[in-house]
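A.B. asks: Before I ask anything, here is the structure I am working with.
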Amino acid sequence: MILKTLCFTLGIVVREECVEKCDESAQVIVTNHISMLDYIPIHLLSGCVTPGRWDAPSAWALSLKSWGHGDTLLANVRAHLSNSDTPVLVQPEGATTSGTTGLLKFESWPLETVTRVQPAVIRVWRPAMADIAVTVVAASELWDIFFYLFVPFTVFTVRYLNVVELRKDETPAHCMERIEAAIAQDLGVRTTKFTAKDKMEYEKRYLAELYRPVAIANGTAALRLQPTSAQLLRMSNQVKEVLPNVPLDAIRRDLARTWDVDLTITNILEGLVPFVPEGQGPALPSRTQRPSEDQMPASSSSSKKSVQTGSLTFQERKAKMIEEARKKYIEKHGLQVSSLSDS
């Protein structure tokens, strides 16, 4: 009743396909993971339980079980299956995907508890007038749930596949690869070698880049309107003309934050924008780069002198590069902008 009430509140509609392939005797159900609420349709259809993903006292009311991780999880799942006929839902990707490009690599531990599983494919659909993704990168669970309230309804379709059994000469990992390939084929996507940990690392880099500090003129932030795609393309080409060795994706990424050609050029020359140079040009040094041990001078006295000289030379070279790039840009576009040396 709690799950049905939640579905009514959030506008979740559940559909079934290929019901004739559903084997109710299978103790473990394996599906792809497309939303943090996509376990609800399976629970409503089969009455199953699933390892909890929230450490909340009310998790039991949502059919979530706090079974821990690793060996503890395996032991608890085995204990449940030996004492209950209630099936267990497992989503071996370990993290959500869009369901339109590829699947994360499936973990093989479910086949260490049973030798026969029921695969199923979960799809999600929303009306065109409110075609909002059910989840996005680095979004919290509450943030995803919040948007359910602003969509008329969300349709979850559960499509059953043929039951898969672990062969005598087959490892759990190989059998899980067969299941993963079958689900990917039904979805029309590809399998990948990326794992849930890879996605977590990507989210960390995404957030670090999103909140990376940028240089702002005169040390103050100016209010700007976000550029259109055409404006962003034009601004990217202007930066590319001044700094031809810098990839366009790195330029666009910084322009999306600064919305200013001049500031993006300054950020790149200051080493604030990480990138791999195109062509034969040398890479601009990053602030995080350090000399390797075999590049350090042997004696301490000569080391201090070399570091001081090298630091001074770099600062002078950097200032010169910034000034030349600004002059080249200003002359090309006929702008009246003061140079860095005057600011």
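A.B. asks: Residue under question is E93, and the condition is that it be touching a Leu at 6+ places or on another chain (Cβ under 8 Å), open to solvent by less than 30 Å² (accessible area, probe 1.4 Å), at pLDDT 90 or above and among the acidic types (D, E); does it hold? Steps first, answer last, please.
C.D. replies: Working: touching a Leu at 6+ places or on another chain (Cβ under 8 Å): yes; open to solvent by less than 30 Å² (accessible area, probe 1.4 Å): yes; at pLDDT 90 or above: yes; among the acidic types (D, E): yes.
Judged against the criteria, E93 is a match.
A.B. asks: Could you please let me know if V117 is surrounded by 14 or more Cβ atoms within 10 Å (Cβ to Cβ) and in contact with an Asp or Glu (Cβ under 9 Å, 6 or more places away or on another chain)?
C.D. replies: In short, yes.
A.B. asks: Separate question: State which residue is surrounded by the most Cβ atoms within 10 Å (Cβ to Cβ) when the search covers only the range 204-213 and only residues that are part of a helix (DSSP H, G or I) and either modelled with pLDDT under 70 or on the phi > 0 side of the Ramachandran plot (or both). Even if it seems obvious, please write down each step before you answer.
C.D. replies: Taking the range 204-213 as the starting set, the residues that turn out to be part of a helix (DSSP H, G or I) are 204-210.
Keeping just the survivors that are either modelled with pLDDT under 70 or on the phi > 0 side of the Ramachandran plot (or both) gives 209-210.
On the way: E209: 13, L210: 11.
Applying the filter and picking the extreme gives E209.
A.B. asks: Since V88 meets every condition but one in (1) farther than 22 Å from R178 by Cα; (2) crowded, with 18+ Cβ neighbours inside 10 Å; (3) among the aliphatic types (A, V, I, L, M), which condition does it not meet?
C.D. replies: Failed condition: (1).
A.B. asks: Here is a further query. Within the range 111-118, can one find any residue that is of a type in the set (A, V, I, L, M, F, W, C) and more than 20 Å from T195 (Cα to Cα)?
C.D. replies: yes
A.B. asks: I need every pair where a residue in the range 101-115 that is β-branched (V, I, T) has its Cβ under 7 Å from the Cβ of a residue that is in a strand (DSSP E or B), sequence separation at least 6 or different chains.
C.D. replies: T113/V28; V114/V28; T115/E165
A.B. asks: All but one of (1) in contact with a helix residue (DSSP H, G or I) (Cβ under 8 Å, 6 or more places away or on another chain); (2) more than 30 Å from L207 (Cα to Cα) hold for R116, so report the exception by its number.
C.D. replies: (1) is the only condition that R116 fails.
A.B. asks: Restricting to the range 12-29, what's the tally of residues that are within 13 Å of V164 (Cα to Cα) and within 29 Å of the chain's Cα centre (by Cα)?
C.D. replies: Summing the residues that are within 13 Å of V164 (Cα to Cα) and within 29 Å of the chain's Cα centre (by Cα) in the range 12-29 gives 2.
A.B. asks: What are the pairs with Cβ atoms under 8 angstrom where one residue, in the range 139-167, is within 20 Å of E24 (Cβ to Cβ) and the other, located anywhere, is aromatic (F, W, Y)? Sequence gap at least six, or different chains.
C.D. replies: Taking only residues 6 or more apart or on different chains, the pairs are T157/W125.
A.B. asks: I would also like to ask the following. Between a first residue in the range 176-203 that is open to solvent by 70 Å² or more (accessible area, probe 1.4 Å) and a second residue that is at pLDDT 95 or above and not hydrophobic (A, V, I, L, M, F, W, C), which pairs have beta carbons less than 7 Å apart while being 6 or more apart in sequence or on different chains?
C.D. replies: What qualifies is K193/K105; F194/K105.
A.B. asks: Would the range 2-16 turn up any residue that is under 22 Å from A181 (Cβ atoms), open to solvent by 20 Å² or more (accessible area, probe 1.4 Å) and at pLDDT 90 or above?
C.D. replies: Checking the range 2-16: not a single residue is under 22 Å from A181 (Cβ atoms), open to solvent by 20 Å² or more (accessible area, probe 1.4 Å) and at pLDDT 90 or above.
A.B. asks: Take the range 214-251 and flag every residue that is at pLDDT below 55 and either over 22 Å from E324 (Cα atoms) or open to solvent by less than 60 Å² (accessible area, probe 1.4 Å) (or both).
C.D. replies: Initially, the range 214-251 is screened for residues at pLDDT below 55, giving 214-227.
Across the range 214-251, the qualifying residues are V214, A215, I216, A217, T220, A221, A222, L223, R224, L225, Q226, P227.
The values are calculated or read from the model by the stated rules, or taken from the named source; none is laboratory data. As the structure is a prediction and not an experimental result, all values here were calculated from the model. Neighbour counts run over all protein chains shown; Cβ positions are idealised from the backbone, glycine included. Each accessible area value is taken on the protein alone, full model and side chains, heavy atoms only, with ligands, DNA and RNA left out. Shrake-Rupley method; radii C 1.70, N 1.55, O 1.52, S 1.80 Å.
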